[in-house]
Each structure stands twice: as structure tokens, then as C-alpha cells.
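Here is the structure we will look at.
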Amino acid sequence: MSLSVCQPRKRVAVIGAGAAGLAALRHTSCRPEVFEVMCFEQSAVIGGTWVYNDDVGTDQYGLPVHSSMYKNLRTNLPKEAMAFPDFPFEKDGRSFLKHEEVLDYLEKYADHFNLKKYIKFLTEVKHVDPVKDGHGGVTWNIKVKDVRVADDTSDSSFVADAVIVCNGYGVLGRMHFNGSLTKFEGQVIHSHDYRVPEAFANKVVCCVGCGASGQDIALEVASKAKQVYLSHNKPALSTSLPDNLSQTSGIVELTADGGMMKNGQKLEFDVLLLCTGYHYSFPFLSANCHVNIDDGRVTPLYKHIVHTEFPTLFFIGICTKLCPFPQFHNTVKFILATLDGTFQLPPKEDMMAEEQREFEWRLKKGYAHRHAHLMGPLQWDYFNELADLGKYERLPKAVQNLFDEIHRTRCNDLQNYRNINYQITGPETFEVRY
Ligand code: FAD
């Protein structure tokens, strides 16, 4: 049964105004009779990851530079598959966009749905704590800080009935590698701090990790570097690569001037560029929130979203390797369905049992522990299940079909797959656009 209008409005706090936070705002703010929404964003602008910054390290307020965006990035998904389902990108122009075009899209989304008025900018969430409400549930105490003020005098507190965590997870790079980094005397950087290939002119660079960023950055660096090694333990990429970019296996041990590879090669390189992903981090959640992060797995989460002990604490963006914006849209709709009573969450024990069952199923299927939230081909059934439970529209099949097509074209021709443009032509169909 849906929440009736005579019940008090639920106060929903959103942490972060990247794409996920904006989606949360868009769907809560359009139902003012049910939800009262506030959003806290530590920077001065919306967009999160899509706000390119030449700098690395800390910003003018001493906060870690949030974005991992690099200067020449073009999206690895076409805009036709990237869009929020209720807000298409402009039809014309190429499908694979520059980062500034995605930021522009998010600005238009925020303006169209009039979202900025709900955002407290330059406001860092420092502390989130559950407080018993006397009826068996909790409310949330949220302590925030004006980032422009160095001491604690600007701290203030808010109370919410529900919290949606949308802080992104691209700041704490996984310096992941078997063995010690200290032996290596060359330069070590994480892809979070990669900006331009010119920084590696005439150098020999070993890029570790063959995810989307590893592949893209290795290609880009090869345009300036003397030699690039793409080091990974996945099956070799079958696409053509530039002459000065070669694939090798994972590193077994670093030496002062390079490393020993699993395949027996001894390679010398000047730079070790770690494209090894990120750690989840929720520094503002108090110990009382009972959120555990263990080797890439965040618990206790029902369907990767809902805290099983405190089912008014939600997370968006935990799942990886999927269509991010459609996923955010979906996840918010599911969260709101639990809050307005459209979907009755199962008892805590059942949610915990399901979480454990799903995790064990993954391990049996051969997923690594750290891939507890990896979706890839699982995403479509997952999206559909959420939509059916929350009683809202499923994503059009055309998005799945296009996503799968890009996966194929990318594997076949990493250097050129972005030169093709697409259009969605029906609920299940897309075509190449000339
Ligand atoms: P973010 O964009 O990281 O936003 C989080 C926000 O929370 C930030 O604004 C931050 O300032 C704020 N915040 C954090 N902590 C606090 C706090 N304590 N208090 C207040 N505010 C806080 N996706 C695609 O769809 N297509 C692509 O081609 C693509 N390419 C990518 C390339 C790179 C290099 C990277 C890193 C990601 C890429 N992605 C891509 C994925 C991208 O991360 C998602 O599309 C999406 O933008 C993530 O949004 P988010 O809101 O979850 O997180």
C-alpha cells in the first residue's frame, strides 16, 4: 500500500550530487507530498566524476581531488545507452562523448528537473549516525561542515528519516599488486591521478590492469611513450594495438628498475601505472551504522542497496561494470518503492539470508570475493527484478542490446569502436547512424 498523503513527509538526505545523487533528487523532489529531500555536496558544483580537474592531490579546501577524469577521455558507452531513461541526450552528434559533454548533460538534467535548489554545496558530510526513534526504527543524525571554514565552528546537524549514500567510489585507488611497491625506484601512480599522456613522453610505462580504464589509458599513453606494457592476467585482448603497446602477464615481483612477470619475462620500465580500480569508502558512516567493507564487498546489503539492519540507509552505485546512469535511475525508483510502501521489504533475517545466498552463488560461479558487486551480464535480470518488485517500468531491451553490441565492437577493435554512431529505433532495436 502506498503512503497516504496524511502521513508526515519522509525526510530523505542524499549524500553527493554526482549522477547518482542527482537521480535520487530528481525522483524524490517530484513527490513533495511524500518526500522532503535535502542533498549535501562537498564541492561547489554538480557532476562528481565528470568534473575534470587538472590537479591531483587535494583541492583548495584540503579535500582529496574527487574526480578521476582524464583530459582526453571519451565515454566507453554511447550516449544512447548511457542516458537516464527519462532524459535522453541530444539526438544529433556523435555517440561517444567527451567528458565535458557528459557534464553538460548532467547540468541540463539538473536544470530541467530544477534540482539545484535542494543541494547544499560546499558542505561535506562528516558524520552519519542512527538514533533510535522509540518505535523500533531509527532516524539519522547527519553532521555536516562548511568546507570553506578550517575549524569546526561551521558544523551543523540535520535529522532525516532515510539516507541515500551517493558519494561515488573513485577516490581511494586500489594500489593492488602482489608484493611490495617499495622495491621499485621508478614512478608509481594510480589511474585516479592520471591526466595527460604527455607526462609519459619517451618513457617506458607498465600499465597494470585491463579493465576499461587500463585499456584506454594504455592506448592513450602509447601515443607519447616509448613503450607501454599492458600487464594483466585476463585472456589476451584480441584487438589490434599500436606497435609500441604489448600485452604481458601480471607482475610477480617488482625490482628496482622493473619487474618479473608471471610468464617469466623480466621487464624494465620507468613508470608503474596502476589501473587497478578503487576501494569503497564511507568515512562519514559512524561505527554504529554497522557497515563493513571487506576486500571489495560491502555488507550488510539487500540487493546491493538496502542496509539489512537499518532499512532506511541506502547505497547507490555499489554495483560495478554496468550502465551507470540507467542503474542509478533504477536503484532510486526501487529505494522510493521501499519507502512509500509499494514494495514491502522482507524481514531482516530473510534479507540477510538472501544476501549471503547470492554471495555464495557468485563464489561457486567463480567470481572473486572482490567481485561481490560486479554485474556485467547479470545486470539485466537484476534491473528487471528491481523494477518488478518496485512496480515501475523496466529498462528498454534496446539499451541491453546496444550495450552488448558495444561490448562486441570494443573487443574487436579497441582503437576504433568509438567512431560508430548509433540510434535507438524501437523498444528492442537500435541501428548504426551515419
Ligand atoms: P561521483 O560522480 O563520484 O559523485 C559523488 C559525489 O559525492 C561527488 O560530487 C563528491 O564530491 C560527493 N561527495 C563525496 N563524499 C562526500 C561527502 N562526505 N559529503 C558531501 N559530498 C560528498 N560511466 C558511464 O556511464 N560512461 C562512461 O564512459 C564512464 N567513464 C568513466 C571514466 C572514468 C575515468 C571514471 C572514473 C568513471 C567512468 N564512468 C562512466 C562511471 C562514472 O563513475 C559514473 O557514470 C557516475 O558518474 C558515478 O556517479 P556517482 O554519483 O556514483 O559518483
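Taking the numbered list (1) part of a helix (DSSP H, G or I); (2) more than 11 Å from the ligand (Cβ to nearest atom); (3) of a type in the set (A, V, I, L, M, F, W, C) in turn, residue 103 passes all entries but (2).
Which of the residues spanning segment 8-37 are closer than 19 Å to residue 282 by Cα and more than 7 Å from the ligand (Cβ to nearest atom)?
Within segment 8-37, 12, 13, 14, 22, 24 qualify.
All of (1) free of Cβ contacts under 8 Å to residues at least 40 places away in the same chain; (2) under 27 Å from the mean Cα position of the chain (by Cα) hold for residue 201 with one exception: (2). Within segment 126-145, being aliphatic (A, V, I, L, M) and surrounded by fewer than 17 Cβ atoms within 10 Å (Cβ to Cβ) holds for one residue alone: 131. Within segment 285-300, one or more residues are over 30 Å from residue 214 (Cα atoms), assigned to a loop (DSSP other than H, G, I, E, B) and free of Cβ contacts under 8 Å to residues at least 40 places away in the same chain.
Which one of these is out of contact with any Cys (no Cβ under 8 Å at 6 or more places or on another chain), more than 10 Å from the ligand (Cβ to nearest atom) and not small (Gly, Ala, Ser): 96, 121, 87, 113?
87
One residue alone among 219, 181, 230 is in a loop (DSSP other than H, G, I, E, B) and touching a residue at least 12 places away in the same chain (Cβ under 8 Å), and that residue is 181.
For the residues 67, 43, 95, the requirement of being within 30 Å of residue 417 (Cβ to Cβ) and under 19 Å from the mean Cα position of the chain (by Cα) singles out 67.
Taken over segment 390-415, the criterion of being in a helix (DSSP H, G or I), open to solvent by 50 Å² or more (accessible area, probe 1.4 Å) and not charged (D, E, K, R) is satisfied by 407, 411, 412.
Looking at this structure, is residue 192 in contact with a Leu (Cβ under 7 Å, 6 or more places away or on another chain) and within 14 Å of the ligand (Cβ to nearest atom)? Criteria not met by residue 192. In segment 40-84, the residue that is nearest to residue 149 (Cα to Cα) out of those that are more than 6 Å from the ligand (Cβ to nearest atom) and hydroxyl-bearing (Ser, Thr, Tyr) is 61.
Looking at 309, 253, can you tell me which residue is modelled with pLDDT of 95 or more and either outside any strand (DSSP E or B) or open to solvent by 20 Å² or more (accessible area, probe 1.4 Å) (or both)?
On inspection, the qualifying residue turns out to be 309.
The values are calculated or read from the model by the stated rules, or taken from the named source; none is laboratory data. None of these values were measured; they are calculated from a predicted model. In this analysis, Cβ positions are derived from the backbone assuming ideal geometry, glycine residues included, and neighbour counts consider all displayed protein chains. Note: areas computed on protein heavy atoms with side chains; ligands, DNA, RNA excluded. Shrake-Rupley method; radii C 1.70, N 1.55, O 1.52, S 1.80 Å.
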